Ligand code: UDP
Ligand code: MG
């Protein structure tokens, strides 16, 4: 049988309202899974504090002191959800046979864990959680998410629709992920490109247990831009195609103007001139903006700054744990 030490990686950003309850539910689930022999008793819950400004870290600290099944990482500042789950996965992979990333708000049905683990035991290296519906999302989030997935598909990136970051990765998949050194992270796009035997689990999305969504409009927009620019260079090609078409059109217009001039049919043409320069000006700036996005990404990649800075870690090696457990 495959090794079955599970680490749950939970990104937490200003989650003080609900974290205590979430931790209880997760610990109970872990215990139930150990009891039925699905996972090893060395399994743990790793809470990653993504630079919260509230009492999240205090709560994590308290949980780790009370219960050896919890461990924690704190970032020096807010680096975002993608970095938080990456940090958790990279830390957990040392001891885990499999890692499941799950949000701290319990929106992703924790009861689906059994099926994730079953898929892993049957040989899957990656198991993607797919939401059955988007009923808990508002109209705006639903529409923008659908448009984003469509756009990604158009740009040639095959991301799994309705899969957020509720997923299981085996040790082999985690080791492969560790080889990717890019600073601009979009895990939903990156992980499917790694290959491996994969499976999917469908789950129901619930309402947030406590607090409000931490994904502001700015964060959502920046995740979408990162997703596109880190997975596809098709926007750059589209600019070339657009530029070629505009050049063809300009050649035609030039010939027409010359003929008109030769025939003495010069028109006033104020509106046309204004419209053409406005449209071309707009297109040029838009194209420059897209190129600029990519140049910015290259700039960040070449600097290769750390993807996150860890400020504090609460971590007990499994050997220390078994000693304390024996002492008890
Ligand atoms: N989160 C994070 N860093 C951030 C924003 C969010 O670690 O900068 C965490 C958050 O605590 C939660 C998960 O990412 O555990 C998903 O965020 P949220 O539930 O707010 O997003 P939504 O479900 O509304 O898309
Ligand atoms: Mg949520």
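We did not get these values from a lab; they are worked out from the coordinates using the rules stated. The structure presented is a predicted model; accordingly, all values stated were derived computationally and were not measured. Glycine also receives a Cβ, built like all others from the backbone with ideal geometry; neighbour counts cover every protein chain displayed.
Quick rundown of the values:
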| quantity | calculated |
| --- | --- |
| Cα-based equivalent ellipsoid of the chain: semi-axis lengths in Å, sorted from largest, via gyration tensor | 50, 19, 18 |
| Span from the the stretch 202-240 Cα centroid across to the the stretch 136-151 one, whole angstrom | 10 Å |
| Listed residues 65, 134, 237, most fluctuating in the chain (Gaussian network, C-alpha, under 10 Å) | 237 |
| For the stretch 133-174: rounded, prolate or oblate by the Cα gyration tensor [a/c cutoff 1.5] | oblate |
| Sequence of 89, 194, 26, 254 once ranked by neighbouring C-beta atoms within 10 Å, starting from the fewest | 254, 194, 26, 89 |
| Estimated inter-spin distance, residue 273 and residue 216, nm [label 7 Å along Cα→Cβ] | 4.6 nm |
| FRET E, pair residue 299, residue 35, Förster distance 51 Å, beta-carbon r, rounded to 0.05 | 0.50 |
| Gained length - residue 139 relative to residue 114, 0.36 nm times residue gap less alpha-carbon distance | 5.9 nm |
| C-alpha center-to-center spacing [the stretch 1-64, the stretch 257-292] in angstrom | 61 Å |
| Helix-derived mean residue ellipticity, 222 nm - over the chain, DSSP H n ≥ 4, -39500 (n - 2.57), to 500 | -16500 deg cm²/dmol |
| FRET efficiency, 1/(1 + (r/R0)^6) with R0 45 Å, evaluated for residue 132 and residue 244 via beta carbons | 0.55 |
| Cα Rg, Dmax, the stretch 5-82, angstrom units | 12.6, 39 |
| Gyration tensor (alpha-carbon) shape descriptor, the stretch 37-170, a/c threshold 1.5 | oblate |
| Sites residue 153 and residue 315 - FRET efficiency at Förster radius 45 Å, r taken between beta-carbons, to 0.05 | 0.65 |
| Spherically averaged projected area in nm², based on the convex hull that wraps the Cα atoms of the stretch 158-295 | 13.9 nm² |
| Value in Å of the Kirkwood radius, where the stretch 218-308 supplies the Cα pairs that are averaged | 16.4 Å |
| The stretch 153-232: C-alpha gyration tensor shape, a/c 1.5 cut-off, then a/b vs b/c | oblate |
| Taking the convex hull of Cα positions in the stretch 1-48, its mean projected area over all directions (nm²) | 3.5 nm² |
| Most mobile listed residue (22, 56, 144) in the chain, GNM with C-alpha springs under 10 Å | 144 |
| Net length gained if the chain between residue 193 and residue 94 were fully extended (0.36 nm per residue, minus Cα distance) | 33.3 nm |
| Diffusion coefficient, µm² s⁻¹, Stokes-Einstein with Kirkwood Rh over alpha-carbon pairs of the stretch 98-199 at 20 °C and 1.002 mPa s | 145 µm²/s |
